[in-house]
Amino acid sequence: MNTLQEAKTERIITIVPIDEIKEALLNEYRRRVIRCKMVDETMKKKYGMTFQEFESKNVVKEHDFSWQVESDAMEWEHAVEGNRYAEQKLKSISE
């Protein structure tokens, strides 16, 4: 972090109570978890399987690498990994 960023961070911390910052972070990660789970559930319904099954069955190849299936695969993987990351952050902030 450069000096300007450090000064801004220090100013924010002195103005906003740490409990409010913590709660805002928790709410943001909760929102991310919900959004990622919604994508995961949508894809599970669309393909009738979990992401792990989708990958192990190589569904993208089965569909001749169509743009729609590849796009879904990328979005789904991003949602699964994003959920994992957000859950870890929630746990570490809550401790």
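Just so it is clear, none of the values below were taken in a lab; they were calculated from the coordinates. Computed from a predicted structure; not experimentally measured. So basically every Cβ, Gly included, is an ideal-geometry build from the backbone, and we count neighbours across all protein chains shown.
Numbers below:
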| quantity | calculated |
| --- | --- |
| Options Y85, Y47; residue that is in contact with an Asp or Glu (Cβ under 8 Å, 6 or more places away or on another chain) and either in contact (Cβ under 8 Å) with a residue 40 or more places away in the chain or hydroxyl-bearing (S, T, Y) (or both) | Y47 |
| Subset of segment 16-62 (residues that are of a type in the set (A, V, I, L, M) and over 22 Å from S94 (Cα atoms)) | M38, V39, M43, M49, V59, V60 |
| Close pairs from segment 14-30: first among the aromatic types (F, W, Y), partner surrounded by 10 or more Cβ atoms within 10 Å (Cβ to Cβ), Cβ under 6 Å, at least 6 apart | Y29/A86; Y29/K89; Y29/L90 |
| Subset tally (residues that are loosely packed, with under 12 Cβ neighbours inside 10 Å and either among the hydroxyl-bearing types (S, T, Y) or touching a Pro at 6+ places or on another chain (Cβ under 9 Å) (or both)) for segment 1-36 | 3 |
